[in-house]
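J.: Here you go, one structure.
Bear in mind that the values in this text are calculations on the coordinates, not laboratory data. Just so you know, these numbers come straight off a predicted model, no measurement behind them. When we count neighbours, we look across all protein chains shown, and the Cβ atoms used for this are built from the backbone with ideal geometry, even at glycine.
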Amino acid sequence: MSNVRGEFSSRFGFIMAAAGSAVGLGNIWGFPTQTASNGGAAFVLVYLVLAFCLAYPALMAELVIGRHGQANAVSSLRKLTNTAWQSKLAFVVGFGGIICAGLILSFYAIVAGWMFSATLEPIAEVASMTQTQSWLADSSMSRNIVFTAAFIALTVLIISKGVENGIEKWSKRLMPALIGILFSLIAYVLTQEGAVEGLKVYLVPDFSSVLNPQLLVDALGQAFFSLSLGTSVMIIYGSYISKKENLVSLGAMVTLIDVFIAFVAGLLIIPAMYVAQAQGVEIFAADGSLLNEDTLVFQVLPALFDSMGSIGLLVSFAFFALMSIAALTSSISMLEAPVSYAVERFALGRVQATWIIGTLVTAVSFTILVNIETLFGFTVSLTTKFGQPLLGMLCCVFVGWIWHRAKLLKEIESGCPEVGSSFFWKVWPWYIRFVCPIAIAAVFLNSL
Ligand code: PHE
């Protein structure tokens, strides 16, 4: 480690970690499902525009706040302030983000637990462990509790090892594995009957629905969730970037990878829906809407895997392993946000802080599990519909209105001296001051 706080050891390491945070269930499950329920290619188009024009500038705001602050989210935001009320606001935004990250982790771990058990199920089948297999397949409370806890425990183990030996090391291994599995699955699905029809729905937009308000709200929410914005996560990851790195291009790389993986996951899931339909699985209601929006992945894919014969077991294992990996590189970032704060604010050891917060998150997770009908949807909406856009917008306000413009430029110029005369610098500060806050507020108000 290059200093006491910990730092990513290389450019590649940072990109894998930040892209690992961004690429998750949101890309492989959320994005294709949203695309399917918002009419296909029009959603893809709007999503691409919003991701690059609104989410990327907002991501840059969070990264630059962190790199400048070299500290947890609350302290980093406080370093930009001059007055007492600004400092209070910094606490609200930084701490709010940390709480948001913890709450997201608590529902994310439940879904990731389903992925874990689905990964093990084909193994149990091959080993002819019939009882275990049916336990793994049934969504019982005992199974869900075991796998949610196992997922959080794994997250805790990685985070307790720190930045370089935990986050960076594991992201560098897991992310390339994920990309390899994803492409192999696409190659298979595209050879199946029905896939071409799915490709058309995915790629040929119906322009008349592009300005549909619900579609805009969904696309913006999806983009914020996917880039992990408004959760203090990108602030803390930014704080581990060396001053020698070019932030503008790092942020752009992370956005590109995130959008690319979502797009590619759509190439898998949407054609897979049509393949499954060709095989007799009911996917759409009579009016063309999705029958089971929340469980698309669990409905469409297992049917597809079953139809493949014995190789289906292997493919099923590969797919759910892929989901679990994607979930894990995201969940470690969610846990890092509160842990880094606890370590710096209360002078706790990293291992101690990680276990304490891991235990708290597990308790919240179990509470959600036990009251899944009421609390699951509530927590998802609270964090992703309200918390993330609002806090992400306030980070833009910090950079655009509270921080001194010359100091901001100086921070970005570190590692990228020519930035002052670049296109980025001509456009971005206006985006952060006006376009992002207004656009996010408009979309947000619309969703109320
Ligand atoms: N970006 C992750 C995904 O797409 C989720 C996430 C949200 C991660 C917030 C960290 C913080 O699945």
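J.: Which residues in the stretch 315-340 place their backbone N less than 15 Å from a point set 7 Å from the Cα of PHE386 along the Cα-to-Cβ direction?
T.: Output list for this probe position: empty.
J.: What number, in percent, do you get for the relative contact order of the chain if the mean sequence gap of Cα pairs under 8 Å and at least 6 apart is divided by its residue count? Don't skip to the answer; put the middle values down first.
T.: Details: 680 pairs, mean separation 152.7, N = 448.
After rounding, I find 34 percent.
J.: Now a separate question. Relative to the Cα centre, what is the charge dipole magnitude of the chain, using +1 at the beta carbon of each Lys and Arg, -1 at the beta carbon of each Asp and Glu, and rounding to the nearest 20 debye?
T.: Numbers: 22 positive and 24 negative charges, 407 e Å.
Computed about the Cα centre, the dipole is about 1960 debye.
J.: Gain in length, THR295 to ILE179, computed as 0.36 nm per residue apart minus the alpha-carbon separation, to one decimal in nm? All intermediate terms of the calculation are to be shown ahead of the outcome.
T.: Working: separation 116, 0.36 × 116 = 41.76 nm, distance 2.31 nm.
The THR295-ILE179 span can extend by a further 39.5 nm.
J.: Mind jotting down the distance between the C-alpha centroids of the stretch 227-294 and the stretch 337-376, whole Å?
T.: The two parts, judged by their Cα centres, are 25 Å apart.
J.: Would you compute, for the Cα atoms of the stretch 58-141, the largest minus smallest coordinate along each principal axis and list the three values in descending order, in whole Å?
T.: Extents along the principal axes, in whole Å: 66, 23, 19.
J.: Can you tell me which lysines have their Cα less than 30 Å from the Cα of LYS410? Leave out same-chain residues fewer than eight positions away.
T.: Output for LYS410: LYS79, LYS88, LYS243, LYS244, LYS426.
J.: Something else now. Do any GluC sites (Glu not before Pro) in the stretch 179-258 lie in a loop, going by DSSP, with at most 15 other beta-carbon atoms within 10 Å of their beta carbon, and if so which?
T.: Details: sites: GLU193, GLU197, GLU245; in loops: GLU193, GLU245.
Answer by residue number: GLU193.
J.: For the chain, with the dipole built from +1 on Lys and Arg beta-carbon atoms and -1 on Asp and Glu ones, taken about the Cα centre, which of TYR188, LEU409, ALA124 lies farthest toward the positive end?
T.: Farthest towards the positive end: LEU409.
J.: Grab the DSSP H runs of the chain that are 4 residues or longer, score each as -39,500 (n - 2.57), total them, divide by all residues and round the 222 nm result to the nearest 500 deg cm²/dmol. Could you put the intermediate results ahead of the total?
T.: Values: 21 runs with 314 residues, N = 448.
-23000 deg cm²/dmol, from helical runs alone.
J.: While we're here: Run through all the Cα pairs of the stretch 11-447 and give the fraction in each 10 Å bin from 0, expressed as whole percent.
T.: Histogram of Cα-Cα distances, whole percents per bin: 5, 22, 32, 26, 12, 3, 0.
J.: Here's a follow-up. Taking other Cβ within 10 Å of each residue's Cβ, how do MET323, MET334 sort, fewest first? Provide the component values of the computation, followed by the final result.
T.: Numbers: MET323 25, MET334 28.
Least crowded to most crowded, the residues run MET323, MET334.
J.: Here's a follow-up. Just name one of LEU174, LEU322, PHE8: the one whose Cα is farthest towards the positive end of the charge dipole of the chain (beta-carbon charges, Lys/Arg +1, Asp/Glu -1).
T.: PHE8
J.: For the chain, which DSSP H helices look membrane-span-like by this rule: Cα extent along the axis of 24 Å or more and mean Kyte-Doolittle of at least 0.0? Spell out each step's value before the answer.
T.: Details: long enough: 84-126 (63 Å, 1.36); 141-160 (28 Å, 1.80); 169-189 (31 Å, 1.10); 247-278 (47 Å, 2.06); 311-346 (52 Å, 1.41); 350-370 (30 Å, 1.50).
Membrane-span-like by this rule: 84-126, 141-160, 169-189, 247-278, 311-346, 350-370.
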